[in-house]
Amino acid sequence: MAMSAAQAQSWNDRGFFIERGFYARSVVEEMIERVVELVRTIDQGAQRPDLWPTPERRLADQPEPEDRLAKLFRVMRTEEVFRSSATDPRLLSILAEMIGPDIDCFLSQFIFKHPGALGQPWHQDDFYFRMTPLPQVGVWIACTAATLKNGPLWVVPGSHTEVIHDAVRDTRPDAGLAYVEIVDADTSAEEVVLMEPGDTLFFHSRLRHRSTDNNSNDMRAAMVFHFAPPATKGLRSPNQDWVEVLRAGDAVSASTEPLPMVWS
């Protein structure tokens, strides 16, 4: 499955594109079920040093462990539903055109946004990564619907061509750990990204984006993978886990060359 001309143009001009219904609903439902299982076993004392859970501090009094969870990192290496999704040949064919024939998944995070959870302010992922070469590609899979009320993503089209902006610490009570906010950049062109389960957003690591608070009674859940060449240099953090997903000569990339695209 190669990139279409429309996808390539959107990537160049806007820094993202959406593939509707890319993953089956049964797959994203399995992702949710597996994360709930994992978090409950950890809450019961299971030792899973390979995983990295972070709490939703605003919901610390919720009775069920999954309702207190904000993100579960590093799920891709050992959990089959996430590994198979990150190595889906259709996905790798697209990524090979964007990144090249050698690709690692360096960050995998499942995100719960339960009713009442805070959103994340305007930021660029590369503020945290500081990696070269560009781009690192984010793949955001909707596991539930992302609606106007339950805290969807908002993006600024074309902002992937910008430098890394300065950001200030997010000082809201119960803000997520390490959250920062870009406060000096124009967001008047922002667009909301509304998604149905299985829809998948491909986005550039410099793209400015945010999410809003969940003001609904419905959970919003998503799975996010980040991909880069294995020779990438930059900041490494404990929530990262570099896993090989594609190498030159693998069948999916045998005839694939990177597209001439704008990376900075």
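The values are calculated or read from the model by the stated rules, or taken from the named source; none is laboratory data. Owing to the predicted nature of the structure, the values given are computational and were not obtained by experimental measurement. Counting neighbours? That spans all protein chains shown, and the Cβs are built from the backbone with ideal geometry, glycine included. Accessible surface is based on the protein model in full, side chains and every heavy atom, while ligands, DNA and RNA are left aside. Shrake-Rupley method; radii C 1.70, N 1.55, O 1.52, S 1.80 Å.
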Original post:
Considering only the range 43-74, how many residues are assigned to a loop (DSSP other than H, G, I, E, B) and within 24 Å of Asn217 (Cα to Cα)?
Top reply: 6
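Does Gly100 satisfy the condition of being on the phi > 0 side of the Ramachandran plot, touching a residue at least 60 places away in the same chain (Cβ under 8 Å) and touching a Gly at 6+ places or on another chain (Cβ under 6 Å)?
no
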Subject >> Criterion violated by Leu148 - all others in (1) in a loop (DSSP other than H, G, I, E, B); (2) hydrophobic (A, V, I, L, M, F, W, C); (3) in contact with a helix residue (DSSP H, G or I) (Cβ under 7 Å, 6 or more places away or on another chain) satisfied >> reply: (3)
**OP:** Of all residues in the range 13-51, count the ones that are surrounded by fewer than 18 Cβ atoms within 10 Å (Cβ to Cβ) and over 25 Å from Glu196 (Cβ atoms).
**Re:** 11
**OP:** Look through the range 193-218, keep the residues that are acidic (Asp, Glu) and within 18 Å of Lys71 (Cα to Cα), and return whichever of them is surrounded by the most Cβ atoms within 10 Å (Cβ to Cβ).
**Re:** Asp213
**OP:** Starting from residues that are acidic (Asp, Glu) and modelled with pLDDT under 95, keep the ones in the range 219-264 and report whichever is least open to solvent (accessible area, probe 1.4 Å).
**Re:** Asp250
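Listed here are the residues, each with its yes/no results for (1) part of a strand (DSSP E or B); (2) surrounded by 24 or more Cβ atoms within 10 Å (Cβ to Cβ); (3) of a type in the set (Asp, Glu).
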position	(1), (2), (3)
Arg90	no, no, no
Ala96	no, yes, no
Phe110	yes, yes, no
Gly116	no, no, no
Ile141	yes, yes, no
Thr144	no, no, no
Subject >> Residue within the range 78-87 that is open to solvent by 20 Å² or more (accessible area, probe 1.4 Å), in a loop (DSSP other than H, G, I, E, B) and touching a residue at least 60 places away in the same chain (Cβ under 8 Å) present >> reply: yes
Original post:
Looking at the range 174-190, which of its residues are open to solvent by 70 Å² or more (accessible area, probe 1.4 Å) and over 27 Å from Pro133 (Cα atoms)?
Top reply: Ser188
